[in-house]
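Have a look at the structure below before the remarks.
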Amino acid sequence: MDFPFGMAHNTHLMMTTDAHPDLSMEELLGVFPGARRTLFQLHHIGGCSSCGFSPSETLAQICARNGGLDPDAVLGEIKDGHIKDEALQISPADLQAKLRDEAVRVLDIRTREEFEAVAIPGSRLMTQELMQEAMNWSKETLLVLVDHTGARVLDAAAYFAGHGFTNVKGLKGGIDSYAELADPSLPRYTTEAA
């Protein structure tokens, strides 16, 4: 379905404002993909088998069995986390423009095989050696992290931000979106589900 200009964004905004504690975690994660990370960081919920949750459980149920947390307050924390996640991302078009106009370090966190198959020109594959080197870079330099679909870059960006990097971003949608929206000369690919 084609949306009139801005409607898809407004639909997402409507979904985020209509979110409530009785949504299943599957539904909540569809609206706030970083909810699991927020729950784990703030309440140690969802990180291991003893504190995990099922996709069909509601946020209210999870809060009740984890010390009687206030579900509305936890939902507020998830919304705040979502806003922070959005601020940690850079669009493919913005990255492409910055690559033309300023100093950017692009670190690719995919596998060596994926990186060798397709990479953003000028990017470097993240290795242990490069990780050590990166810790000595200027903390103000724009650092952009890339994965396949954008699913893992926020954790990596949070890691670098936690080590003092003040201008770190994750590529929204990963190299897949970059190839589709910014540089169609790059081949797109799929990976086997684990």
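Okay, here's what the table says:
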| item | result |
| --- | --- |
| Meets criteria (part of a loop (DSSP other than H, G, I, E, B) and within 14 Å of VAL74 (Cα to Cα)) for PRO21 | yes |
| Unmet requirement for GLU26, which otherwise passes all of (1) surrounded by fewer than 16 Cβ atoms within 10 Å (Cβ to Cβ); (2) in a loop (DSSP other than H, G, I, E, B) | (2) |
| Out of GLU192, GLU116, GLU133, sole residue that is among the charged types (D, E, K, R), loosely packed, with under 13 Cβ neighbours inside 10 Å, assigned to a loop (DSSP other than H, G, I, E, B) and not assigned by TED's automatic domain parsing to the domain that holds LEU28 | GLU192 |
| Extreme residue, farthest from the chain's Cα centre (by Cα), among residues of region 31-79 that are of a type outside the set (Lys, Arg) and within 22 Å of LEU145 (Cβ to Cβ) | GLY47 |
| Cβ pairs under 7 Å, 6+ apart, first in region 41-55 and touching a residue at least 24 places away in the same chain (Cβ under 8 Å), second surrounded by fewer than 14 Cβ atoms within 10 Å (Cβ to Cβ) | PRO55/GLU26 |
| Answer residue from region 136-155, given it is of a type outside the set (S, T, N, Q) and assigned to a loop (DSSP other than H, G, I, E, B) and is farthest from GLN89 (Cα to Cα) among those | TRP137 |
| Members of region 168-180 that are closer than 19 Å to VAL104 by Cα and either among the aromatic types (Phe, Trp, Tyr) or assigned to a helix (DSSP H, G or I) (or both) | GLY174, ILE175, SER177, TYR178, ALA179 |
| Residue match in region 153-160 (condition: under 25 Å from GLN41 (Cα atoms), in contact (Cβ under 8 Å) with a residue 24 or more places away in the chain and of a type in the set (D, E, K, R)) | yes |
| From the options ALA19, ALA97, residue that is surrounded by 12 or more Cβ atoms within 10 Å (Cβ to Cβ), assigned by TED's automatic domain parsing to the domain that holds ILE175 and over 19 Å from the mean Cα position of the chain (by Cα) | ALA97 |
| Complete set of residues in region 136-155 that are buried (at least 18 other Cβ atoms within 10 Å of the Cβ) and either more than 25 Å from GLU86 (Cα to Cα) or in contact with a strand residue (DSSP E or B) (Cβ under 7 Å, 6 or more places away or on another chain) (or both) | LEU142, LEU143, VAL144, LEU145, VAL146, GLY150, VAL153, LEU154 |
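Let's see how each residue does on (1) without any contact (Cβ under 8 Å) to a residue 24 or more places away in the chain; (2) touching an Asp or Glu at 6+ places or on another chain (Cβ under 9 Å):
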{"position": "PRO71", "(1), (2)": "no, yes"}
{"position": "LEU95", "(1), (2)": "no, no"}
{"position": "LEU99", "(1), (2)": "yes, no"}
{"position": "VAL104", "(1), (2)": "no, no"}
{"position": "SER123", "(1), (2)": "yes, yes"}
{"position": "MET131", "(1), (2)": "yes, no"}
{"position": "ASN136", "(1), (2)": "yes, no"}
{"position": "GLY173", "(1), (2)": "no, yes"}
{"position": "LEU181", "(1), (2)": "no, no"}
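The values are calculated or read from the model by the stated rules, or taken from the named source; none is laboratory data. Bear in mind the structure is a predicted one, so any value in this text is a computation, not a measurement. Cβ: placed from backbone, ideal geometry, glycine included. Neighbour counts: every protein chain shown.
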